[in-house]
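The values are calculated or read from the model by the stated rules, or taken from the named source; none is laboratory data. The structure presented is a predicted model; accordingly, all values stated were derived computationally and were not measured. For neighbour counting, all protein chains shown are included, and Cβ atoms are generated from backbone atoms with ideal geometry for every residue, glycine included. To get the accessible areas, we keep the full protein, side chains included, count just its heavy atoms, and leave off ligands, DNA and RNA. Shrake-Rupley method; radii C 1.70, N 1.55, O 1.52, S 1.80 Å.
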Amino acid sequence: MGRIAFTALAFLVSASQADAQDGLPALRARGALRWGADAEGGAPYVFKDPRDPNRLVGFEWDLAALLARELGVRAEMVQNQWDKLLDAVNRGDFDVAMNGIEVTEDRREVVAFTRPYYVAPEQLVVRKTDSHVTGLADLAGKRVGTLKASLAARILRGVGLFKEGDIAEYEGQVEPYQDLKLGRLDGVLMDYPIAQYCARPERDLAFAGPPFGQAFYAIAVRKGDAALLSALNEALDRLARTGELRALYERWALWNDATADLLGDRAPSTAPAPEYESYLEAIGKKPGLGERLARYATFLPPLLAGALVTLLLSVSAMALAVALGIGLAVARLYGPRALRALAAAYVELVRGTPLLVQLYMIYYGLPQAGVVLSAPVAAFLGLGLNYAAYEAENYRAGIQAVPRGQTEAALSLGMGRLQALRHVVLPQAFRIVIPPVTNDFISLLKDSSIVAVIAMVELTKQYGMLAAAHQDYLGVGALAAALYFGLGLPFARLARWSEVRFATDRAAWPAAA
Amino acid sequence: MGRDVGANGAALLEVEGLRKSVGSQEILRGVSFDVPRGRLAVLLGPSGSGKSTLLRCVNGLETFDRGRVRVGEVVVETTPGNGAAAREAAVREVRRRTGMVFQQWNLFPHLTALGNVALAPRVVKGVPRAEADERAAALLRKVGLADKAGSFPSQLSGGQQQRVAIARALAMEPEVMLYDEPTSALDPALVAEVLGVMRALKDEGLTQVVVTHEMRFAREAADEVLFLAAGELAERAPAADFFANPRDPRAREFLGRAS
Ligand SMILES: Nc1ncnc2c1ncn2[C@@H]1O[C@H](COP(=O)(O)OP(=O)(O)OP(=O)(O)O)[C@@H](O)[C@H]1O
Ligand SMILES: [Mg+2]
């Protein structure tokens, strides 16, 4: 088990090392602009190409390529949970964050922003059957949905038409429209690009009235990274002047009056929008069964890659949990008083606090103390240290279930306490704890999906990204579920086998001595 | 009182003034006796008189409040000034020289009969595995279980398990064997095979202390009887004398009920 853990750890460490170096010179030396975004967010920002799930596309993907070209380097996207993009840029996980991030006063406290590259108005969307609705006032007292912590959310709060409980804030941009179609909401207010890509193609949904308000999208950089900030501003200026920025937005059907004002280019737009057309075509086709299966086949490589990360992470974290758990259990049962108290405190503290909080503290909290761990290492430590507390309790129970007479027999043969523990008690305790430890491992496989919050792209994250790109939560979900089940099955089998294997010598254990 | 003495002029096992209380209850109230080398002493007494506690104190599985235990030249005592570490070392040395056999066998269920016998020599004495296994096989042969070396405890009868337990204790080459009701948990039909092994060991000259309720065995095999009552050594006599003419009234009552 130890060796597997080590190999897996080595793999995880080499898989991604946090790059803590700052600044423009470092970026140039590396030859790459590393930019953070979340592909699960969906179209049109950065998303999995509906035609090819192994490729990412989006207007920000294209913009990053243009900016990188201006800086004389290549663009390299780093996947990161959306609501943690600013923390990650401050951790040094990438140079900039660019993913529909709206400039707000709160965010200005933690990062520096470039000049805005896009202005997004807010678009109200309702069900097509509610054609009488032309503005927010027509929805007074109804239930409305939007994205968490967005300009739209502030507008919905500010107009005084809705009770606090009737404003539903979502993490993802696809779900509000789903709920609108299902009648769980009566209106959705979100940034225009989202409405254009996620609502416009929907037959049952309609735009209600013209867009209004202005959300300024800008690129976030670390405070104090002045050289990079001004280089990016100059690049944006150049792209605006040459018309390349406008052409980009037109290709994606995102050009609007507010952005025209921002870029100082009021000429009416008649240009075609090939990227948008191709997107509509890709998602518009209602595929037949054969086509659908063929499409699912193309989902397999990314899902399998995610499953591999899930498996490696779970196995290595479990190895850590088991090793540390035995140590904690032994310390708690046989250690000197201070050690016993320490082990007990660890177990109670870890079991009494949410895993999510522990992960955030390790990943985003430790950097404040100067310790910057890469995502895989943080995930491995977070899960392993957390599960160690539960394993410790398993082993404690297992050790206590071994009759006292066993230790006495070992001691009477001249063994020391540790020898008795190692050669007589622990081997028996191991057999007792096989079932609960296997159960824990299978829970860990599933719990490991939580590490998506610290930028790990494992099975659930891959599922989320694919499902968002194709608006197919059921089919892709079934695939992901089957993979989880397939990952856990061999271990459940192994546990059953080993229980039977060791049953012969368990039958005659004295009930109590 | 005439004392048998060992080869070195003193008894091999000596217990002196042993006292132990748990809470306010006095379990042992100053017990003294000795057992010369090569003798078999039987420890008798009513239930709750402290027989098990006495054996466990000798073997260091329980601590005592007062007194001393000596095996050969190794002494465990409770006089002040005797540090805990030194005491612990002495206890381990005593355990190395004494073998203990329990009423419930306490075989290691995860090891075969051979594994049970070979474990302690390997772990404690560092005997290489091949040599330990070879000696374990010889000991199993000696207790009549040559063909059961590969069996797990759960696959053996009670009598066979108890014989494995004796072989396991013998593997450490003890000078004294202590038995706490070795046949009480056995079917009557299986008792004889275990007692037979103990008789054979006596013939080889091994020193043994046996707590038992098998009066016939005590009468036939014991050199000496130690009779314990309410934590005190009420009577100590050669076996023949004890059974023919018990002096202590409690011993008379005990024998009356037992026969
Ligand atoms: N750990 C303990 N805590 C409290 N009392 C104990 C403990 N161990 C033994 N005793 C008590 O000490 C006395 C002697 O017990 P012990 O087991 O030594 O008797 P015994 O002579 O072996 O009895 P038996 O023939 O039933 O085995 C009993 O009264 C018992 O209840
Ligand atoms: Mg007893």
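Key figures for this structure:
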{"item": "Meets criteria (farther than 20 Å from B:Ala171 by Cβ, more than 16 Å from ligand 2 (Cβ to nearest atom) and at pLDDT below 95) for B:Arg87", "result": "yes"}
{"item": "Lone unmet requirement of (1) under 23 Å from the mean Cα position of the chain (by Cα); (2) touching a residue at least 60 places away in the same chain (Cβ under 8 Å) for A:Leu328", "result": "(1)"}
{"item": "Scope the stretch B:44-61; condition outside any loop (DSSP other than H, G, I, E, B) and within 6 Å of ligand 1 (Cβ to nearest atom); matching residues", "result": "B:Lys51, B:Ser52, B:Thr53"}
{"item": "Residue within the stretch A:104-126 that is in contact with a Ser or Thr (Cβ under 6 Å, 6 or more places away or on another chain) and either on the phi > 0 side of the Ramachandran plot or in contact (Cβ under 8 Å) with a residue 12 or more places away in the chain (or both) present", "result": "yes"}
{"item": "Selection count, the stretch B:115-145, where residues are open to solvent by 40 Å² or more (accessible area, probe 1.4 Å) and aliphatic (A, V, I, L, M)", "result": "2"}
{"item": "Segments classed as helices (runs of 4 or more DSSP H), wholly inside the stretch A:19-120, with at least 3 members that are within 17 Å of the chain's Cα centre (by Cα) and hydroxyl-bearing (Ser, Thr, Tyr)", "result": "none"}
{"item": "Single condition B:Asn106 does not satisfy, out of (1) within 15 Å of ligand 1 (Cβ to nearest atom); (2) under 28 Å from B:Gln162 (Cβ atoms)", "result": "(1)"}
{"item": "Qualifying residue in the stretch A:359-373 (condition: touching a Ser or Thr at 6+ places or on another chain (Cβ under 7 Å), assigned to a helix (DSSP H, G or I) and of a type in the set (A, V, I, L, M, F, W, C))", "result": "no"}
{"item": "Residue among B:Leu13, B:Leu44, B:Leu55 that alone is more than 14 Å from chain A (Cβ to nearest Cβ), modelled with pLDDT of 90 or more, open to solvent by less than 10 Å² (accessible area, probe 1.4 Å) and within 16 Å of ligand 2 (Cβ to nearest atom)", "result": "B:Leu44"}
{"item": "Total residues in the stretch B:160-194, condition more than 14 Å from chain A (Cβ to nearest Cβ) and surrounded by 21 or more Cβ atoms within 10 Å (Cβ to Cβ)", "result": "3"}
{"item": "Check on A:Leu229, surrounded by 19 or more Cβ atoms within 10 Å (Cβ to Cβ), in a helix (DSSP H, G or I) and at negative phi", "result": "yes"}
{"item": "Qualifying residue in the stretch A:284-304 (condition: outside the structural domain of A:Tyr192 (by TED's automatic domain parsing), surrounded by 13 or more Cβ atoms within 10 Å (Cβ to Cβ), modelled with pLDDT of 90 or more and at positive phi)", "result": "no"}
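Rundown of residues vs (1) open to solvent by less than 30 Å² (accessible area, probe 1.4 Å); (2) more than 14 Å from chain B (Cβ to nearest Cβ); (3) over 30 Å from B:Met177 (Cβ atoms), yes/no style:
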{"position": "A:Tyr360", "(1), (2), (3)": "no, yes, yes"}
{"position": "A:Tyr364", "(1), (2), (3)": "no, yes, yes"}
{"position": "A:Tyr390", "(1), (2), (3)": "no, yes, yes"}
{"position": "A:Glu393", "(1), (2), (3)": "no, yes, yes"}
{"position": "A:Gly414", "(1), (2), (3)": "yes, no, no"}
{"position": "A:Ile432", "(1), (2), (3)": "no, no, yes"}
{"position": "A:Phe441", "(1), (2), (3)": "yes, yes, yes"}
